[in-house]
Each structure stands twice: as structure tokens, then as C-alpha cells.
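Below is one structure, written out as C-alpha cells; the observations come after it.
Rule-based calculations on the coordinates, nothing more; no lab input. Since the structure is predicted, the reported quantities are computational estimates derived from the model, not experimental observations. Note that each Cβ is placed from the backbone with ideal geometry, even for glycine, and that neighbours are counted across all protein chains shown.
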Amino acid sequence: MISPLSGPWVKRVLSNWIQPAAMAGILVFAVMRGAENINYRWQWYRVDDFLFTSEQGAWSAGPLVQGLFVTLEISVLSLFLTLVIGLAAALLRLSSSVIGRGLARGYLELIRNTPLLIQLYVMYFVLGPILGWGQITTAIACLAAFQGAYTSEIFRAGLRAIPRGQIEAGDSLGLSRIDNYRYVILPQVLRHMLPPLTNEAVSLVKNSSIVSVIAIFDLTTQGRNLIADTFLTFEIWLTVAAIYLVVTLALSTAAAMAERRRAGA
Amino acid sequence: MSDETQPIIAFENVSKWFGTFQVLRDIDLRIGDGECIVICGPSGSGKSTLIRCMNRLETHDRGVVRVEGVELGPGERLPRELRGKIGMVFQSFNLFPHMTVLRNLSLAPMRNLGMDKERAEQTALAYLERVHIGEQAEKYPDQLSGGQQQRVAIARALCMKPDILLFDEPTSSLDPEMIREVLDVIYELTDDGITMVCVTHEMGFARKVSDRVIFMDHGEIVESAAPDEFFDAPREERTRAFLNQILHYEASA
Amino acid sequence: MSTTGHIVSRFRPTRLDGILLAVLIVVAAWLWYRSAIGVAYRWDWAQALSTVFASGESGDTPFFLTGIYATLRLSAWGAVLATIMGVLIGVGRYSGVRALRVFCGTYIQILRNIPPLVFIFIFYFFISSQLMPLLGLDALFNRPAEDASGWQRFLFGPPALWENLISGVLCISFISAAYIAEVVRAGLAAIPRGQWEAGESLGIPLLDRYRFVIFPQALARIAPPLTGQYISLVKDSSIVSLISVQELTFVGSEIANSSGLLFEVWLLVAFVYFLLCLSLSILLRQVERRMTRHFHQFA
Ligand SMILES: Nc1ncnc2c1ncn2[C@@H]1O[C@H](COP(=O)(O)OP(=O)(O)O)[C@@H](O)[C@H]1O
Ligand SMILES: [Mg+2]
């Protein structure tokens with residue numbers, strides 16, 4: 001029986017990580033051999049300098065690791081903003097205000113029906129200059145505006161899924177409205193929303209690579225610059241991809257485990 | 001009586017595991033051509049697994065299974081020539097929900113036996129008549145009652161003219177008032193001389209229809225006897241306990 | 001498309017409406033003030049429109065329109081290839097061959113977890129420097145332009161850009177295939193086991209089992225998320241502008257830079273994508289409804 005979701009978690013990790021890793025290894029190996037056949041000279045030994053450099057025993061971050069930090073910083077900051085925008089849009093859509101619902105709706109359709117890259121260009125070339133924003137601000141605002149549209153759907157689903165019976169139970173026990181929300185409702189809603197919200201974080205990290213087109217020194221830009229300098233195209237791109245993969249897979253595994261704990265609880 | 005002729009199904013020392021859990025323990029079983037067998041036993045005792053090893057929806061891990069003279073080792077699926085020859089009726093009907101009843105019945109004869117559409121539909125209608133449901137041919141499964149759906153499923157299996165028909169608790173998901181119509185249809189099939197293996201807890205049905213009743217527990221065949229003997233004078237303590245439970249339940253229900 | 005159902009739809013202004021309206025007006029005024037006075041941008045829509053729709057030197061199709069056509073071609077061929085690959089990979093997740101299952105799973109996992117941008121940079125380098133010469137495709141594309149017939153031009157655009165188009169199509173379809181494969185996998189996973197078993201016990205051959213029993217049922221579940229993937233594909237096609245595929249975004253940035261009408265051109269490009277995606281989603285929803293209507297709806 002093929003059911004990747006059954007069995008103990010060791011087995012899950014095995015099938016989620018080890019097997020794909022082995023398969024990816026085989027693929028990379030095949031590509032390497034293929035490239036050798038057409039005289040691509042592999043120089044993997046030069047790559048570790050781009051991750052970490054050591055001068056007289058003192059380690060410091062190489063360009064790729066510095067880029068990773070920028071990527072993470074942008075992702076984290078825009079995640080906060082995403083949550084704010086997403087929650088606001090969700091509340092507006094559920095509100096009784098016609099203008100509020102229209103605004104939220106228009107925002108969602110606008111974001112969903114245009115490419116992220118175009119949104120970035122419009123923000124960078126049009127909105128940024130008008131508002132006097134720098135690159136980083138533009139990047140964060142753009143990523144958050146994009147992700148916020150999708151996150152608002154999660155909030156909306158979460159808010160609508162508040163069990164009526166729970167509210168009534170809290171009320172009938174004489175809890176104040178605030179206490180009811182704080183102790184009864186919100187914990188349940190948050191636990192429901194945590195796994196999908198983690199997936200939003202994964203998306204943010206992934207999408208953040210697009211800000212490399214407005215000259216922000218994130219992981220992708222650092223990779224491109226190194227390639228321009230060294231011509232180690234495959235080595236560096238594969239390393240960059242692997243770093244992204246580790247970050248996103250770590251986040252999704254965390255989400256899966258949170259989900260399991262929720263399901264188990 | 002089945003010992004004299006060549007059995008149509010034979011299990012020799014068959015064992016099977018799901019992971020570390022042993023579902024079938026050294027099963028020895030011979031079923032003669034045309035025999036009608038009822039298998040009963042507590043839930044989880046391996047009844048479904050046993051009959052699914054007959055049409056190879058499951059494969060065994062040790063021992064030998066022989067079906068219609070074909071020897072099947074561990075892990076072996078059904079060979080081409082036997083596909084469709086061992087029909088199965090499921091507890092949950094498993095009709096194809098997106099097809100009309102007629103199409104449900106004619107699909108396999110067309111794709112497996114290469115029948116043309118017209119003949120396949122004629123056959124289908126004939127079998128629908130046999131299960132007293134000819135007028136529902138153009139309906140979709142979810143427009144039928146449970147009992148009607150299960151009768152369609154039986155007709156669907158019959159359309160392939162199987163040598164063996166397996167039933168896995170065919171009435172367990174039916175409302176009580178529909179059980180009778182399905183059991184009647186199965187009973188009528190005994191005239192055809194088709195070999196039948198039926199997992200069921202309908203003891204009245206077992207007594208009336210079967211040539212032999214088999215009781216399973218913890219993956220073993222505990223007792224195998226003609227129905228009168230099985231119900232009136234069970235030899236094994238476990239059988240008696242099980243029958244007591246069932247009869248007690250039926251009396252109080 | 002339903003608005004929040006439980007709330008009354010009759011317009012009754014609330015306090016929130018007032019606040020939002022005020023905020024809207026303030027923001028709009030502020031934006032206008034900043035653009036007109038703050039950065040002293042001189043909007044010139046007339047100039048922008050005439051630049052954008054001006055025909056090329058020899059009176060051929062306006063550059064901007066070639067970009068739109070290229071995006072349409074890119075999306076159409078990308079969708080075809082991505083669908084084929086996606087279905088194969090999604091079905092491969094259910095293969096009896098373990099290595100194939102793991103391979104397909106890995107493909108889905110990796111492609112969905114690295115940035116599309118990084119993938120196209122790797123893949124573009126790979127196909128342009130290795131794959132094309134290896135398959136001898138570059139010879140095929142360097143044919144004289146006169147060879148191309150009218151319908152070839154219609155389907156694939158000007159011959160000089162065929163290689164360009166192929167690169168773009170390969171890039172976006174490899175990415176999109178992973179997402180479609182996941183949709184297909186989930187659709188197949190939703191089919192009850194009993195359906196497979198019934199088909200098997202009736203002796204219906206494997207391919208027919210897929211064709212008549214499984215796929216029609218899976219399709220009803222796959223269609224809605226699949227349309228979403230096609231919209232995403234159109235949107236994602238914009239990133240292949242970064243490997244110089246001459247589609248809408250690429251053309252837009254050329255025009256914006258050469259004319260200096262940054263504000264107008266980028267807003268126009270955004271508007272065109274918006275129209276494309278919106279009409280595609282309306283169209284696909286129609287198709288989807290028509291397609292699934294033929295399958296009997298079951299509970
Ligand atoms: N695919 C499977 N994987 C793991 N365990 C299974 C599987 N199918 C059945 N089992 C286990 O095998 C035992 C016997 O199952 P089954 O043959 O269905 O019993 P019965 O039909 O007598 O109720 C049960 O304990 C069940 O949990
Ligand atoms: Mg069972």
C-alpha cells in the first residue's frame with residue numbers, strides 16, 4: 001500500500017528527506033558526469049570559500065552565507081508585514097463595511113492576477129520613487145503585499161472556522177468576552193492556522209529571491225555576482241539551490257510536525 | 001467430498017505479514033469446484049485478507065496458493081489468463097460513480113473480453129434481470145438504494161462469467177431491510193454451479209446456502225465443518241464462544 | 001465568487017465605511033501630491049500609448065504587441081508541455097517501480113522548494129550551453145527565416161526567436177509541471193482504493209483502468225486547482241524575461257527604458273497581465289464547468 005503519511009515519523013523523515021536527497025545526489029552526479037564529457041571542469045573545492053572564509057583561524061561568513069542572512073532578514077520582516085496585511089484584509093472581507101469588502105476584494109484580485117515580478121517593477125519604478133522608498137523597503141513591501149493576499153485567505157478560513165459551540169460554551173460559563181477569546185477561541189484558531197502559515201513562510205523565502213532584480217544583495221544576487229566573477233556556473237547555482245532547499249524543507253518539516261502534534265493532541 | 005476432485009482453490013501453509021504483524025498463520029485450505037463456502041470470525045481475524053489472497057488483491061509471503069490449477073508463489077499477482085475470472089463483491093459496493101449502471105456492467109466485458117458494445121450491453125441487461133433490477137440500467141449508482149447497488153455489483157461481477165465469486169461482507173453496510181434482497185440474489189446463484197466464497201456473519205444464510213463453514217480467529221482457521229455440524233455441534237471452544245456471542249447478540253437485538 | 005454570504009448585501013454605511021473612505025481619499029491625495037509635486041513626475045499617457053503602439057521601422061507589428069503575442073505563445077506551449085509532464089510525473093508517484101516513485105516525488109519536492117528564479121538560471125545555462133548543442137537543436141533553429149510558413153509563424157512566432165521561445169517554454173513548463181504533478185497526485189489520492197480494486201478484480205487492463213475508471217473521477221477533483229495552476233503559469237512566465245526571452249515583461253522593460261516613460265509603461269504592462277489573467281480565469285472556469293458537467297455529480 002502506498003501511503004507516505006502512515007508509519008512512525010522516522011520513516012516519514014526517511015521518505016521525505018533521505019530518499020529524495022539520494023535521488024538528487026544521483027541526478028547531480030549524472031549532470032556532473034555529463035558535463036565532464038563536454039569538458040566542463042568541476043571546481044567544487046573553490047566553493048567552500050564562498051560559504052565561509054577563515055583568515056588565521058578566524059572564521060567569517062563568505063558571500064553566500066552573507067546573502068543567506070539578507071534573504072532571511074527580508075523574509076522575516078516581510079513575514080511580519082504579511083501577517084498584518086493578511087489579517088487586515090481578512091477582517092475587511094468579513095466586515096459589514098461595503099467599502100471595506102470592496103477594497104479587500106480589489107486588492108486580492110489585483111495581486112492574484114498580476115505577476116510578482118511586475119508588482120516588484122511597479123513598486124520599484126513607480127511607487128517607490130513617489131513614496132521615497134529605498135530598495136529594501138520596496139522589496140519588503142512588495143513581498144508582503146503579494147503574500148498577504150494569499151495569507152488573508154488562511155486567516156479568513158481560520159476566522160470563519162471558529163466553532164460556534166465553543167463561543168457559546170465560554171459565554172455560558174460566564175467568561176468575559178476578552179477572556180473567552182484569549183483562553184478559548186484564539187488558541188484553537190492559532191493551532192489550526194499554524195501549519196498553513198508556516199507554508200506561507202516557505203513561500204516568502206522562495207519568492208524573496210526575486211528581489212535580486214532590484215540589486216539587493218540576497219542569496220540569489222550573491223550567486224549571480226560570484227558566477228560573473230568566477231564562471232563556476234554549475235557549482236554556485238547548485239550550492240545556492242541547495243541552501244534554499246535546506247531552508248524551505250526545514251520549514252515545511254517543522255510545519256508537518258506541528259500538524260502531527262495538532263492531529264495527535 | 002472436495003478431497004477427491006482437483007480443488008479449484010488450494011492454500012498450502014500460507015502465511016502473510018503486514019509489517020511485523022502476522023495476519024495469516026499457516027493456512028491450509030482446499031475448496032472444490034462448485035463449492036459454496038462461508039467464512040466467519042471476529043473482526044480483524046484475517047477473513048478479508050484470506051479471500052483477497054485468492055484473487056491477488058493481496059499477495060502472501062510464505063507457502064503456495066493454487067487457483068484453477070495455476071500455482072502462485074509469494075508476491076505473485078494474478079496471471080493474465082485469470083484476470084476477471086475471479087469476481088469480487090465488496091462490502092462498500094465500489095461501483096463506478098461516474099458511469100450508468102449499464103456502463104458499469106459492460107465496461108469489463110468490452111475491455112477485457114473484447115466484446116462489442118451491443119453484446120456487452122445485452123449480457124449486462126440479462127444479468128440485471130437476474131438480480132431483479134433490469135429497469136435501473138440507465139441510472140447512476142447514487143440514485144439507487146444500498147441493496148440495489150450491491151445487486152448491481154453482483155451483476156457486474158457476473159458479466160465477466162467468473163469461475164469463482166468472492167464476497168467480502170456483502171451485506172454489512174446495508175440497512176437491515178435490504179439485507180434480505182441481496183442474500184436472496186446470492187442464494188439464487190448457487191444453482192449455477194459457480195464456486196462461491198463468502199465472508200459473512202449472516203448465520204441463517206450460512207446454514208441454508210453453504211456447503212461448509214469456516215471459522216477464523218487470529219489469522220488461523222480454527223474450525224471447518226458442514227453447516228449443521230458447525231452450528232449444532234461445534235468442536236472448538238473458540239467457535240462456541242464466538243457463536244454464543246453472535247446468537248446472544250441476535251437474540252437481544 | 002460569492003461574497004460573504006451571511007452578511008446583508010444591502011448598502012448600509014457603517015462607521016468603518018466612513019473611516020475607510022477618508023483614508024482612501026487621504027492616501028490618493030498624498031500619492032497625487034507626491035508624484036506631481038514631490039518627485040515632479042510629468043505623466044504623459046498620450047505619449048506612452050503612441051510609443052507603445054507605434055509600429056516598428058518597416059511597418060510591422062508594434063513591439064509591445066509582439067511581447068503580448070510571445071507571452072501568449074509561451075503560456076500556451078508551456079501549458080501543453082507542463083500538463084503532459086505533470087500528469088506523467090503525478091501518475092509516476094503511483095508507479096509500482098519504487099525508483100520511479102522516488103524520482104517523481106523528488107522532482108516535485110525540489111522544484112516546489114527552490115525559487116523559480118534560481119531554477120531558470122540553472123536550467124537556462126544547462127539548456128543553452130549543453131542541451132541545445134547536444135541535441136543539435138541549434139542547427140534546426142538557425143535555418144533561414146524564409147523557410148517558415150504562415151502557420152508556423154502563427155504558432156511559434158518569428159523564426160529568429162524560436163530558440164528563444166523554446167528556452168522559455170522549457171523553463172516554465174519544468175517548473176509548472178511540478179505543481180501540476182502535485183495537483184494530479186492529490187487528485188488520484190482522493191480516489192477511494194475500492195475503485196482501483198473493483199477495476200482490478202473485474203480484470204480491466206491497467207491502462208483502461210486509468211482511462212475509464214480513475215481519470216474521469218480524478219478530473220472532477222483536479223480541474224479547479226488545475227485552472228489555478230494555469231493562471232500561475234501565465235504569471236510565472238514573466239520571470240523568463242530575465243533570461244532574455246522576449247515576452248511581455250522583457251518588451252515592457254525595453255520600452256520603459258528607451259522611452260523614459262517608466263510610470264506609464266509599467267502600469268500598462270501590469271494592466272495587460274491583469275486583463276490576461278482575469279479573462280483566462282473567467283474562460284477556464286467556464287470550460288471547467290462545461291467539462292465536469294458531463295461527469296455525473298456524486299456525493
Ligand atoms: N493494508 C494493511 N496494512 C496493515 N495492516 C492491515 C492491512 N489490512 C489489514 N490489516 C490488518 O490485518 C488484520 C486483518 O485484517 P482483515 O483481513 O481485514 O480482517 P477481517 O476482514 O477479518 O476483519 C487486521 O488487524 C487489520 O488491521
Ligand atoms: Mg474484513
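By how many degrees, between 0 and 90 and to the nearest 10, does the Cα long axis of helix B:146-158 differ from the longest principal axis of chain B? Tilt of helix B:146-158: around 90 degrees. Given contacts defined as C-alpha pairs under 8 Å and at least six residues apart, what's the relative contact order of chain C, whole-number percent? After rounding, I find 25 percent.
A DSSP coil position with no more than 16 other Cβ atoms inside 10 Å describes the following trypsin sites (Lys or Arg not before Pro) in the range B:146-253: B:R235.
The H on the amide N of B:T195, modeled in the peptide plane, is under 5 Å from the matching H of B:G34, B:L165, each at least 5 residues off or on a different chain. Taking amide H atoms as placed 1.01 Å from N in the peptide plane, the amide H of B:R212 lies under 5 Å from those of B:C36, B:V38, each 5 or more residues away in sequence or on another chain. Straight-line reach from B:K85: taking Cα to Cα under 18 Å and skipping same-chain neighbours fewer than 8 places apart, the aspartates and glutamates in range are B:D33, B:E35, B:E58, B:E68, B:E71, B:E76, B:D163, B:D168, B:D192, C:E197, C:E200, C:D208. Per-residue shielding of C:212-218, expressed as the average number of other chain Cβ atoms within 10 Å of the residue Cβ, stands at 3.
Once you charge only the Cβ atoms, +1 for Lys and Arg and -1 for Asp and Glu, what is the size of the charge dipole of the protein assembly as shown about its Cα centre, to the nearest 20 debye? Don't skip to the end; give the middle numbers.
Numbers: 70 positive and 73 negative charges, 493 e Å.
Here the protein assembly as shown has a charge dipole of around 2360 debye.
Residue farthest toward the positive end of the dipole of the protein assembly as shown, with Cβ of Lys/Arg at +1 and Asp/Glu at -1: which of B:I9, A:A157, B:I27? Toward the positive end, the furthest listed residue is A:A157.
Across the residues of A:120-130, average count of Cβ atoms on other protein chains within 10 Å? Don't jump to the answer; show the numbers that get you there.
Numbers: counts 1, 12, 6, 1, 2, 8, 9, 5, 0, 7, 11.
Other-chain Cβ atoms within 10 Å of each residue's Cβ, averaged: 6.
Model label points for A:W42 and B:D28, set 7 angstrom from Cα along the Cα-to-Cβ axis, are 5.9 nm apart.
Can you pull the Rg over Rh of the range C:174-299, Cα-only, Kirkwood? Can you show the working numbers first?
Values: Rg = 20.6 Å, Rh = 17.5 Å.
For the range C:174-299, the value is 1.18.
Each residue of the range C:119-126 is assigned a 3J(HN,Hα), and the resulting list reads 4, 5, 5, 4, 5, 5, 4, 5 Hz, derived from the Karplus form 6.51 cos²θ - 1.76 cosθ + 1.60 (θ = phi - 60°), x at Gly and Pro. With both labels modelled 7 Å from their Cα along Cα-to-Cβ, the A:V31 to B:R80 distance reads 4.1 nm. Straight-line cross-link partners of A:K206 among the lysines, defined as a Cα under 23 Å from its Cα and at least 8 positions apart when in the same chain: C:K235.
For chain A, the relative contact order works out to 22 percent when only alpha carbon pairs closer than 8 Å and six or more residues apart are counted.
Taking the Cα centre of chain A as reference, the dipole from Cβ charges on Lys and Arg (+1) and Asp and Glu (-1) amounts to some 980 debye. Taking a ≥ b ≥ c as the square roots of the Cα gyration tensor eigenvalues, chain C comes out oblate, since a/c reaches at least 1.5 and a/b does not exceed b/c.
Cross-link pairs exceeding 31 Å in C-alpha to C-alpha distance, out of B:K47/B:K161; B:K117/B:K208; B:K161/B:K208; B:K16/B:K139, comprise B:K117/B:K208; B:K16/B:K139. Placing unit charges on the Cβ atoms only, positive for Lys and Arg and negative for Asp and Glu, gives the range C:3-298 a dipole magnitude near 1400 debye about its Cα centre.
Please arrange A:W237, C:W30 by counting, for each residue, the other beta carbons lying within 10 Å of its beta carbon, fewest first.
On the way: A:W237 23, C:W30 13.
Ranked by crowding around the Cβ, least crowded first: C:W30, A:W237.
Counting only Cα atoms, the range A:171-250 measures 70, 24, 11 Å along its principal axes, largest extent leading.
Note that the range B:166-178 has calculated 3J(HN,Hα) couplings of 9, 10, 10, 6, x, 10, 5, 9, 9, 5, x, 6, 9 Hz, one per residue in order, obtained from phi through the Karplus relation 6.51 cos²θ - 1.76 cosθ + 1.60 (θ = phi - 60°); glycine and proline are x. For chain A, the C-alpha radius of gyration sits at 1.24 times the compact-globule guess of 2.2 N^0.38 Å, with N the residue count. If R0 is taken as 45 Å, the Cβ-Cβ distance between C:M291 and C:L21 corresponds to a FRET efficiency of 0.60. Between the helical axis of A:233-264 and the longest alpha-carbon principal axis of chain A there is an angle of about 30 degrees. Computed 3J(HN,Hα) for the range C:71-83, one whole-Hz value per residue from the Karplus formula 6.51 cos²θ - 1.76 cosθ + 1.60 where θ = phi - 60°, is 5, 5, 4, 4, 5, 5, 5, x, 5, 4, 5, 5, 5, glycine and proline marked x. Prolate is the label for the range A:102-161, because a/c, from the alpha-carbon gyration tensor with a ≥ b ≥ c as root eigenvalues, is 1.5 or above and a/b exceeds b/c.
Specify which residue in the list B:P227, A:I227, A:A255 is farthest towards the positive end of the charge dipole of the protein assembly as shown, using unit charges on the beta carbon of Lys, Arg (+1) and Asp, Glu (-1), about the Cα centre. With unit charges placed on the Cβ atoms, the residue in question is A:I227. Rounded, prolate or oblate, given the Cα gyration tensor of the range C:213-265, with a/c below 1.5 counting as rounded? Prolate. In the protein assembly as shown, taking the dipole from charged Cβ atoms about the Cα centre, the farthest positive-side position among A:L51, A:V76, C:I204 is held by A:V76.
Helical content alone sets the calculated 222 nm signal of chain A at -23000 deg cm²/dmol, taking -39,500 (n - 2.57) per DSSP H segment of four or more residues and averaging over every residue. Shape analysis of the range A:51-180 yields a ratio of the Cα radius of gyration to the Kirkwood radius, Rg/Rh, of 1.17.
A crude spin-label estimate for the pair B:N244 and A:A169, with each label 7 Å from Cα along the Cβ direction, gives 4.2 nm.
Calculated FRET efficiency, C:L155 and C:A186, Cβ-Cβ r, R0 41 Å, to nearest 0.05? Spell out each step's value before the answer.
On the way: r = 32 Å, r/R0 = 0.79.
Once rounded, the FRET efficiency stands at 0.80.
Kirkwood Rh, the protein assembly as shown, all Cα pairs: how many Å?
31.6 Å
Nearest 10 degrees, 0 to 90: what angle lies between the long axis of helix B:101-112 and the longest principal axis of chain B (Cα atoms)? On a 0 to 90 degree scale, this one is about 80.
Mind checking the mean number of beta-carbon atoms from other chains within 10 Å of the Cβ atoms in A:135-142? Don't skip to the answer; put the middle values down first.
Working: counts 0, 0, 0, 0, 0, 0, 0, 0.
Per residue, the number of nearby Cβ atoms from other chains is 0 on average.
Close amide H partners of B:L24, meaning residues 5 or more places away or on another chain with modelled amide H under 5 Å apart, are B:K16.
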